[in-house]
Structure formats: structure tokens, C-alpha cells
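Reviewing the structure listed below.
The values are calculated or read from the model by the stated rules, or taken from the named source; none is laboratory data. Treat the numbers as computed from the prediction; the structure is a model and nothing was measured. As a convention, Cβ positions derive from the backbone with ideal geometry for all residues, glycine included, and neighbour counts pool all protein chains shown.
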């Protein structure tokens, strides 16, 4: 499913995440789906839209939970992608037997075909959770930090509601038109309003009132 120029969405199935394919020739994946997901359906869906999995040169993992990183080994069997993940989640990745090629930090820039993606460290769901921001097109790949209609879980090991609220507040500083989350629906227009609504919801879970001017 084409989201916009140079970005294809492979929607989640089974125990998996949304997978985004950036580019047409030198491909960058945002997340890789769950264990065996590539062989079950991701490869097939890529090929059905003319995308060759052998051209995947980079895989950026938004966080190291199995439904986002479990598909990496299958891509390593057909191509030689550089696997990137925030340094705070590197240990979890290695526990899964995957060696990262590049450890990311807040503010880093990853160049993909047709865009530059700025790394925004957004812990709360996972210690090394990140979002990726394409400022030119106002696109945010948000992993499991924020969804179209909700926020990521914070009751898993390494999670924290208070930290997640702080991460959401950072995202409100961005000009976001399109939200591409790790699960569920995408938001193609006016996504900053979705982020604001979800931020207020997260505040309500802490019993705090919204004291900011939020869309």
C-alpha cells in the first residue's frame, strides 16, 4: 500500500508490526515485523508491488520488541542490510541473536532514498524507543510511542508512563502532518492533533490536567 511518494506500508498481521518500505532502488525498512513474518507474508507483499527484498540496504528498528525486530533474520538471509537501533535497546537486540550495524542516538540523521530521517529518542514504551522524523515532508514514523488513537504500553519491562508523557511532549514540538505508527491506522493529514489528543489522554492517566496549549 503506497502511503506517499517513496513510502509503502505493509500492514501488520499476526504477531507483527506495521513495516514501512522507504525508497524504490536502495530500500530502507522501518521495522521488520515479527518472527517468520517475512516468509509468511512480507516478502510476498513486497514482490506484489514490485519491491525486491534483496534491495533492502538498511533496517531501522524503532525498538527491540519481538513484533518489530523478529523479522530481521529473514532479511539477513536474502540481503545484507545495515541494522540500526537506539543504543539503549542494543542489549535486547543482541539477546535475539542479531548484531546491530549502527547504534543510534537522539539527533542522529539516517539518510534514506529521497529523504533524511532524524532520530528522536522517545522512551516510555521501551528504553530505546525512537521515532523518525522527515522534516521536509512533515512525516513521523512513531513506532509504539504513539498511534493514531492511543499510546504505547508502558507496563512492560523498561516502560514508564511518566517517561512516555515526556516523550509525547517532545513530539508536540514537531510539525507533523502524517503519522505512520508501528500498529494500526496511519494518519495522512493533521496528525499533530492526534498527538495532542493522545498526550492529553496520557496526562489523564497520571491524574494531571493539561496546562499547555495543545492542538
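Figures for the structure shown
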| item | result |
| --- | --- |
| Hey, residue 91 out of contact with any strand residue (DSSP E or B) (no Cβ under 9 Å at 6 or more places or on another chain) and over 20 Å from residue 9 (Cβ atoms) or not | yes |
| Residue in region 28-50 that is closer than 18 Å to residue 114 by Cα, surrounded by fewer than 16 Cβ atoms within 10 Å (Cβ to Cβ) and touching a helix residue (DSSP H, G or I) at 6+ places or on another chain (Cβ under 7 Å) present | no |
| Looking only at region 65-76, and only at residues there that are surrounded by fewer than 24 Cβ atoms within 10 Å (Cβ to Cβ) and assigned to a helix (DSSP H, G or I), the one that is nearest to the chain's Cα centre (by Cα) | 67 |
| Pick from region 14-26, criterion farther than 19 Å from residue 146 by Cα and modelled with pLDDT under 95, ranking: surrounded by the most Cβ atoms within 10 Å (Cβ to Cβ) | 23 |
| Those residues of region 94-114 which are surrounded by fewer than 21 Cβ atoms within 10 Å (Cβ to Cβ) and part of a strand (DSSP E or B), in sequence order | 102, 103, 109, 110, 111 |
| Selected residue (criterion: farthest from the chain's Cα centre (by Cα)) from residues of region 138-185 that are in a loop (DSSP other than H, G, I, E, B) and surrounded by 21 or more Cβ atoms within 10 Å (Cβ to Cβ) | 176 |
| Count of region 21-45 residues which are under 20 Å from residue 98 (Cα atoms) and within 15 Å of the chain's Cα centre (by Cα) | 7 |
| Subset of region 116-137 [in a loop (DSSP other than H, G, I, E, B) and under 10 Å from the mean Cα position of the chain (by Cα)] | 129 |
| Check on residue 117, modelled with pLDDT under 95 and on the phi < 0 side of the Ramachandran plot | no |
